[in-house]
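In what follows, a structure is listed as structure tokens, so that the remarks can point back to it.
Every number here is computed from the coordinates shown, using simple stated rules; none is lab data. Computed from a predicted model, the values in this text were never measured in an experiment. Heads up, the Cβs are rebuilt from the backbone with ideal geometry, glycines too, and the neighbour counts pull from every protein chain shown.
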Amino acid sequence: MKKILITAVICLFAGFVGGWFFFNKGVGMYPKEQERKIAYYRNPMNPEMTSLTPKKASDGMDYLPVYAEEKNSGQRKIAYYQDPMHPWYTSDKPGKAPDCGMDLVPVYEDDKNVQGIHIDPDTVQNMGVKTEAIARRELTKTIRTSGIVEFDETRLYNINTKFMGWVEKLHVDYTGKTVKKGEPLLDIYSPDLVSTQEEYLQALRYRNRMEKSELDEARREADELVQSSRRRLEYWDITDSEIASLEKRGMPMRALTVYAPANGIVTDKMVIDGQQVMAGMTLYKIADLSIVWITADIYQFELNWIRTGQQVDLEISYLPGQILHGTITYIYPYLDSDTRTAKVRVEVQNTPDYSLKPGMFAIVKIVSPVLLDGIAVPEQAILRSGERNVVIVSLGSGYFDPREVRLGVSADGYMQILEGVREGETIVTSAQFLIDSESNLKAAISQMVNPEKAGPAGHGNQQGMNQKQVDNFFEDFDKDPTKKMPPQVPETDDMEMEKKPGGPEMKNM
């Protein structure tokens, strides 16, 4: 009986110890399971949308946690989505191709055809990256430049005589006076003019006597003498009305009156009363200011937007708030060697009180009617290095592809793209310099992955980093920017031969 009791106690104790061990081992697993570390949260409908903190999606669903062991599992990660028919069209989320309607297919990070460089989305957000879709635009150019008001060269008049004489009276006696066509300017006495008038009157009297002659030859010679004397007066700018007055009066005039040839302003008065004047000497200069020219400076790269006949808006400080209009009538066929600009002539109708005065400064605004329909991007999206022009194409999900482009014309903040990108692609319009720097850094490191492309002949045998080392470096660099590149150990062909069984030993240098 005593043995039975002892056996029962031992069995009971063994069962208690076994149960305690079993249950405590199982309980110990659950806290470990519950202590899994959450890496981030993601949208259940769009796994590419992630967050470091719990949040709700736009459809109201909660973001699901992604644990560290799940993040580091062997599941393939999508880099971006691609149009299967037109691989250049990409997106950071699922959808349909805009041209053919086919579903976009995912491109995984480990695929060989994945393009561009990858930057962490948090880093992209910190950079302040902005993007814009490439579209076709009707490009027009608005040119703002300066101009100078000048005389219309076709409306300038130089008043002079073709004979010597003396000024007897000035009808216009100061500079700046407004004159009308046919208004007297001055009276001038000339002995040569008086003698020519006498000759004309004598020729007239001789012809009158010869009209009764029976000789045709005599009558013809009398007519020729009258015509010769009359032409001499006409060559001296004596008008028909003055010649008719001379014939009616029957005696020569002492002084000849010089009249204004057109309406205008006297810009120069070169004579005074009693002054002797010589043949061809300038007496007055008259300018018609009803129409003036404005000469504007246009840079070389803007000339292809300029055409004769274009309308121009003008502003002058003399008339604040008032817009005048003109027309481009001529484009000079050469450039100014100092300013490297071409001159453009604008013809403007002046105001009745001649508000546009030669020498004034004017603001010229030319809106070109020339339209260019083409693919265009903002000018600030272009990286210029002198020899190359590059834009950064956003592929989605933090992938960026630097693309070299060929440029066309520039118009109102946009640059025409002739080659390199297509309509519908998305480009980076800000912070592209930081992305380009990241691209150059990774390109330099990729040369270590491919030593045969790293440099000229003679350096191809240097061992570089493998792809895993590059990836690990960038992961560590994101956490600690001060981390340096692991040292590279060059190995010579002799060292490799030494490693081979039976290979020669390295010689001491």
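Things worth noting here:
- Global size of the range 195-310 as Cα Rg and Dmax, reported in angstrom: 24.4, 81
- Here the dipole of the range 162-261 is about 300 debye; that uses its Cα centre as origin and unit charges on the Cβ of Lys and Arg (positive) and Asp and Glu (negative).
- FRET efficiency, T239 to T339 (Cβ-Cβ, R0 60 Å, nearest 0.05): 0.80
- Largest-first principal axis extents, alpha carbons of the range 162-261, Å: 60, 24, 22
- Ranked by the mean number of other Cβ atoms within 10 Å per residue, highest first, peptides 185-196, 207-218 order as 185-196, 207-218.
- Among 413-425, 393-405, 328-340, the peptide with the highest mean count of other Cβ atoms within 10 Å heads the list, and the full ranking is 393-405, 413-425, 328-340.
- Burial ranking of peptide ranges 159-167, 379-387 (average Cβ count within 10 Å, highest at the top): 159-167, 379-387
- Percentage relative contact order, the range 162-261, counting C-alpha pairs under 8 Å, at least six apart: 42
- Cross-link pairs exceeding 22 Å between alpha carbons, from the set K248/K269; K177/K248; K169/K269: K248/K269; K177/K248.
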